[in-house]
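Notes follow the structure.
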Amino acid sequence: MKAGNHNLEPNCDLVGGRVVDPSLKLDAIRTVVIRRGRIAALLDRAPAESDAACERVDCAGMVLCPGFIDPHVHLREPGDSHKETIASGLAAAAAGGFTAVAAMPNTRPALDTPERVTAFLRDARAAGGVRCYAIGAVTQGRNGCQLAPLLGMASAGAVAFSDDGATTTSLRALYNAARYAAAIPQAFLSHCHDPSFDDAVMHEGEVSDRLGLPGAPALAEAAVAAREVLVARATRKRWHICHVSTAMTVDVLRWARSIGVDVSAEVTPHHLLCTDEALEGFAAGMRVNPPLRPATDRDALKRAVAEGTITIFASDHAPHARHEKEGPVSCACPGFSGLETAVGATFAALPDVPLTAMVANFSAHPARLLGVPGGSLAPGAPADITGLFLNRPWVVDPSAFRSRGKVTPFAGWTFTVQPALTVVGGHVLMYAGAPHSRGVANTVRGMP
Ligand code: NCD
Ligand code: ZN
């Protein structure tokens, strides 16, 4: 059984929400009856009252979905708790509408041994709230060439493997890793960036030429993605391409499918909404890996989601302290705080994608990638639920983030879709935008 951090088994009725569950082909007003932390029933009428031991939550005006799972976050512990702690990262996830996250192993030290995976999962359970899964490193210290003990990490609970932050440079190491892990289901999650472009601070193109900054072209990503597809084909291992940022990589994904290699892929909100023009004026805060690309790439990513070539949303929540995002572009740390804006930003980027596809890309598809529970509100499933207001404009205010990372490309932007409710194992962690703890009354009514 994979990590879950809840022992208590709460009872709760979510009343009046519109339940949208693609796995059940359901889109209707339902009362979600939660007993002992699991979905007990979806009733088409509300019970007149809920029993005393049961919290009754007014969900009128909300869409209720299978809990959103972010398969790509950086929680910075151990090693960089000034950027984020596991607790502050999980609080940010709850505020952002996520019921589970998977943490990348580029901590210090890296999550590259069973002992480190075990310690990380123990700390995440102690932090409580949102479910937190661990991704183990492919290579020791993420050095790109010496295999980490993959089977031991899998036994310790690692749900996938990745050297994220860098490409696994040695083809031989990657190939051997995939063969070594052939018998276990954990997928490989690839950050695709050719290391010969390691001096790049942004996308190579008109803007980088004008600024005189070293850049990485689309090819630096797509060529590695093509290599990963070939390794997946050679080893029959399950593969996933992280934060796809270019049209050329989308072409690689289409080619993979055409030759029968089932490689999944994720896209971030910033690659769907921002372009390399954000770095005009040497805006160090806008540095991120992979870099923001021109509008043609951004638009290709939107089409790739619309046509189902990219089926997973990920925030790539990569928080840094403010001073680490300032100064010369060449010195700024790459990455943004993403958990608290991901839902609003992703919906804003893709207004024409059907709601059911949006929900599946946030829930069932990442659950399948990671092999973790979720993606369905069928009776018996863990009661992990994300509630949304589909039409409640709100302005991004980074000073209000629960994350320690306050730098986002979306400061001051207005989004229309707002996370409204986060329920994990029947525990209401966030309600109508505020952290929620069970009060004296057993009834929660009315929106602020
Ligand atoms: C990530 C981080 O800060 O951990 N940064 C980022 O820009 N996405 C690592 C990485 O993927 O490079
Ligand atoms: Zn990455």
Looking at region 230-248, I want the residues that are in contact (Cβ under 8 Å) with a residue 24 or more places away in the chain and of a type in the set (D, E, K, R) and have a partner that is more than 16 Å from ligand 2 (Cβ to nearest atom) and in a helix (DSSP H, G or I) with Cβ atoms under 7 Å, at least 6 apart or on another chain. Which pairs are those? Lys237/Ala178
What are the residues in region 254-291 that are closer than 28 Å to Leu370 by Cα, surrounded by 24 or more Cβ atoms within 10 Å (Cβ to Cβ) and more than 16 Å from ligand 2 (Cβ to nearest atom), if any? Ala256
Out of Ala46, Ala53, Ala94, Ala110, sole residue that is closer than 22 Å to Leu24 by Cβ and aliphatic (A, V, I, L, M): Ala46
If I filter region 203-211 for residues that are crowded, with 20+ Cβ neighbours inside 10 Å and in contact with a Lys or Arg (Cβ under 6 Å, 6 or more places away or on another chain), do I get at least one hit? yes
Can you name the residue in region 181-202 that is surrounded by 17 or more Cβ atoms within 10 Å (Cβ to Cβ) and of a type outside the set (A, V, I, L, M, F, W, C) and, of all such residues, is nearest to Arg238 (Cα to Cα)? Gln186
Considering only residues that are touching a residue at least 60 places away in the same chain (Cβ under 8 Å) and under 20 Å from the mean Cα position of the chain (by Cα), look in region 294-310 and name the one that is surrounded by the most Cβ atoms within 10 Å (Cβ to Cβ). Ile310
Taking the stated definitions as given, is Ser170 surrounded by fewer than 18 Cβ atoms within 10 Å (Cβ to Cβ) and either within 30 Å of Ser330 (Cβ to Cβ) or touching a helix residue (DSSP H, G or I) at 6+ places or on another chain (Cβ under 6 Å) (or both)? yes
Pick out the one residue from Ala314, Ala321, Ala332 that is within 16 Å of ligand 1 (Cβ to nearest atom) and crowded, with 24+ Cβ neighbours inside 10 Å. Ala314
Could you list, in sequence order, the residues of region 114-169 that are assigned to a loop (DSSP other than H, G, I, E, B), more than 16 Å from ligand 2 (Cβ to nearest atom) and closer than 16 Å to Pro185 by Cβ? Gly157, Ala158, Val159
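Let's see how each residue does on (1) at pLDDT 95 or above; (2) out of contact with any Gly (no Cβ under 6 Å at 6 or more places or on another chain); (3) surrounded by fewer than 17 Cβ atoms within 10 Å (Cβ to Cβ):
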position: Met1; (1), (2), (3): no, yes, yes
position: Cys12; (1), (2), (3): no, no, no
position: Pro22; (1), (2), (3): yes, yes, no
position: Ala52; (1), (2), (3): no, yes, yes
position: Cys59; (1), (2), (3): yes, no, no
position: Ala100; (1), (2), (3): yes, yes, no
Kindly list, by first and then second residue, each pair from a residue in region 164-178 that is closer than 22 Å to Glu266 by Cα and touching a residue at least 24 places away in the same chain (Cβ under 8 Å) to a residue that is of a type in the set (D, E, K, R) and within 13 Å of ligand 1 (Cβ to nearest atom), limited to pairs with Cβ atoms under 7 Å and residues at least 6 apart or on different chains. Gly165/Arg142; Ala166/Arg142
Residue by residue through region 375-396, note down the ones that are surrounded by fewer than 18 Cβ atoms within 10 Å (Cβ to Cβ) and polar (S, T, N, Q). Asn391
Checking Pro319 against (1) over 15 Å from the mean Cα position of the chain (by Cα); (2) within 16 Å of ligand 2 (Cβ to nearest atom), the condition it does not meet: (1)
At least 2 residues that are farther than 30 Å from Ala134 by Cβ and without any contact (Cβ under 8 Å) to a residue 24 or more places away in the chain in each: list the strands (runs of 3 or more DSSP E) lying fully within region 1-108 that qualify. 26-35
By residue number, the members of region 335-358 that are of a type outside the set (D, E, K, R) and surrounded by fewer than 18 Cβ atoms within 10 Å (Cβ to Cβ) are Pro351, Val353, Pro354, Leu355, Thr356, Ala357
Residue check, Arg438 among the basic types (Lys, Arg) and at pLDDT below 95: yes
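The values are calculated or read from the model by the stated rules, or taken from the named source; none is laboratory data. Since this is a predicted model, take the numbers as computed values, not measurements. Neighbour counts are summed over all protein chains in view; Cβ atoms, including those assigned to glycine, are modelled from backbone coordinates with ideal geometry.
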